[in-house]
Amino acid sequence: MIDFPLTPKARRCGNGYIDFCPAHEDRTPSLSISETKDGKILLYCFAGCGFDEIISAAGLVNQKLSISKKFEGNTHSFNSTVERINHAISIWNTPQPIAGSIAETYLQSP
């Protein structure tokens, strides 16, 4: 299996991700990406692109697919709003260099 290529702007949504569709120009993310329990990938473009168009545009024709786990290390589950706020404050108070980060990629994108 190979990883489905998520962009740096992909974000968790339910059990999957929402991202920009590679088959058309997106201003806002329109591609829903999720994985079944048996490892099959589900793609749905809210703009109407078909599965084959998406796979072709991503350069993944005739390959077994799975969702990239690249960004899952940055996801958190919170039991309360207080936990979420405290986590946000800790991130804010912990400066990180931007060089080589997803933030740098985002800021350099058109």
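The values are calculated or read from the model by the stated rules, or taken from the named source; none is laboratory data. Note that the coordinates shown come from a computational prediction; the quantities given were computed from them, not determined experimentally. Ideal geometry is used to build each Cβ from the backbone, glycine not excepted, and the neighbour counts take in all protein chains shown.
Looking only at residues in region 54-64 that are in contact with a strand residue (DSSP E or B) (Cβ under 8 Å, 6 or more places away or on another chain) and either surrounded by fewer than 17 Cβ atoms within 10 Å (Cβ to Cβ) or in contact (Cβ under 8 Å) with a residue 40 or more places away in the chain (or both), which one is nearest to Ala103 (Cα to Cα)? Of everything passing the filter in region 54-64, Ala58 is nearest to Ala103 (Cα to Cα). Per the conditions (1) modelled with pLDDT under 85; (2) of a type in the set (A, V, I, L, M); (3) within 23 Å of Glu25 (Cβ to Cβ), the sole criterion not satisfied by Ala57 is (1).
Take the conditions (1) loosely packed, with under 13 Cβ neighbours inside 10 Å; (2) farther than 25 Å from Thr105 by Cα; (3) not acidic (Asp, Glu); Ile41 misses just one of them, which is (1).
Scanning region 14-30 turns up one or more residues that are of a type in the set (Gly, Ala, Ser), loosely packed, with under 15 Cβ neighbours inside 10 Å and at pLDDT below 90.
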